[in-house]
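Notes follow the structure.
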Amino acid sequence: MSRSTISTFELFESFPDAETARQYLETMRWPKGPICPHCQESKRITAKADGYYRCLACMETFTVRTKTIFERSHVPLHKWLYAMYLLMTARKGISSLQLAKEIGITQKSAWFVLGRLREACGNDLTMLRGIVEVDEAYIGGREANKHMKDRMYGDKGVPSKTAVIGLRERGGRTKAVLPQTVSSISLEQAIRDNVEPSATIHTDEFAGYKQVGKSYSHESINHSKGEYSRKGVTTNSVESVFAVLKRGLHGVYHHASKKHLARYVDEFTFRLNEGDVKRHTLERLASLVTASFGQHITYKRLTA
């Protein structure tokens with residue numbers, strides 16, 4: 001086995017119960033001692049039983065779960081860590097049905113756990129730099145494979161699918177956004193929000209990218225003429241991101257509604273960015289643990 005990988009058995013040895021998981025999460029969140037998540041006080045903290053703390057500044061009680069994705073969850077913390085391990089080590093994700101079997105909870109709870117983890121994945125403020133490949137994909141299945149009553153066509157007979165704009169830094173990070181519509185305005189806005197002005201943009205020949213050349217150094221290739229790489233100009237890297245995304249949605253999740261698709265996309269981009277197999281498994285796990293602090297979503301908002 002690779003030195004950068006730990007097995008499921010080794011993970012269980014490290015976190016055999018909720019108490020060891022709690023201690024690990026506290027070390028990750030508060031390396032210098034507990035800090036009140038309500039008022040940020042660090043000195044006037046009193047430890048109580050079972051991982052509870054009392055802040056004498058604001059008189060609030062809190063735990064390591066407070067104001068994280070674990071808040072108000074009845075799932076034990078060591079099961080949360082195992083769910084994180086599975087999400088970060090599975091190349092194309094893990095379904096809620098499979099996760100429920102793996103950690104011994106209901107499928108409904110597993111779906112909520114995965115929804116919260118995806119919420120933690122979507123807080124990447126990094127700006128891409130250097131050469132950035134940009135492309136768009138459409139998620140929603142082939143219209144020809146649907147029953148006639150389920151076929152939905154938009155303006156001018158275009159199938160009603162959800163667009164995803166992907167941006168990948170050459171040799172670096174990946175980001176993706178879901179625009180309302182794919183137009184020169186939305187494409188330019190997605191690039192401005194996620195790419196540094198000094199970067200060089202590589203795209204295909206789609207006319208919507210012509211506006212980008214006014215703000216960025218821009219080069220394109222012409223797929224319609226069979227051109228896929230020319231002197232280093234290519235979009236093959238970002239297209240490989242869509243290949244993994246589509247295989248995961250099709251083979252693991254089978255379907256993602258438009259309402260939740262953005263969170264699934266966040267999961268895949270986070271795993272591409274932080275789940276590199278060259279990194280040690282515990283480093284990958286730590287990335288997701290760190291991202292979970294400060295994030296929270298209720299079941300009501302997730303299903304709204």
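Would you check which residues across region 21-38 are among the β-branched types (Val, Ile, Thr) and loosely packed, with under 15 Cβ neighbours inside 10 Å and list them?
Scanning region 21-38 gives a single hit, Thr27.
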field: Residue tally, condition in contact with a Phe, Trp or Tyr (Cβ under 7 Å, 6 or more places away or on another chain) and closer than 14 Å to Arg170 by Cα, over region 201-245
entry: 4
statement: Pairing a residue in region 27-46 that is under 27 Å from Leu285 (Cβ atoms) and touching a residue at least 60 places away in the same chain (Cβ under 8 Å) with any residue that is surrounded by 14 or more Cβ atoms within 10 Å (Cβ to Cβ) and not hydrophobic (A, V, I, L, M, F, W, C), where Cβ atoms lie under 8 Å and the two sit 6 or more apart in sequence or on different chains, gives Arg29/Thr68
Strands (runs of 3 or more DSSP E) fully within region 34-144 counting 1 or more residues that are among the aliphatic types (A, V, I, L, M) and in contact with a Phe, Trp or Tyr (Cβ under 6 Å, 6 or more places away or on another chain): 45-47, 131-139
task: Name the single residue, out of those in region 251-289 being more than 13 Å from the chain's Cα centre (by Cα) and of a type in the set (S, T, N, Q), that is modelled with the lowest pLDDT.
output: Ser257
task: Given the conditions (1) free of Cβ contacts under 8 Å to residues at least 12 places away in the same chain; (2) within 12 Å of Leu77 (Cβ to Cβ), report the number of the one that Gly51 does not fulfil.
output: (1)
query: Going through region 189-207 one residue at a time, which ones are buried (at least 16 other Cβ atoms within 10 Å of the Cβ) and in a helix (DSSP H, G or I)?
result: Ala190, Ile191, Asn194
Leading residue by the ranking (modelled with the lowest pLDDT) among those in region 142-179 that are touching a strand residue (DSSP E or B) at 6+ places or on another chain (Cβ under 6 Å) and of a type in the set (Asp, Glu): Glu143
Residues being small (Gly, Ala, Ser) and surrounded by 13 or more Cβ atoms within 10 Å (Cβ to Cβ) - total across region 1-20: 3
message: I need the helices (runs of 4 or more DSSP H) fully contained in region 212-295, keeping only those with at least 1 residues that are of a type in the set (Phe, Trp, Tyr).
response: 236-248, 258-274
- line: Looking across region 8-39 at residues that are of a type in the set (Gly, Ala, Ser) and within 14 Å of Ala83 (Cα to Cα), the single one that is farthest from the chain's Cα centre (by Cα) is Ala18
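The values are calculated or read from the model by the stated rules, or taken from the named source; none is laboratory data. Just so it is clear, the structure is predicted and the values come from calculations on it, not from any experiment. Virtual Cβ from ideal backbone geometry, glycine too; neighbours counted across all protein chains shown.
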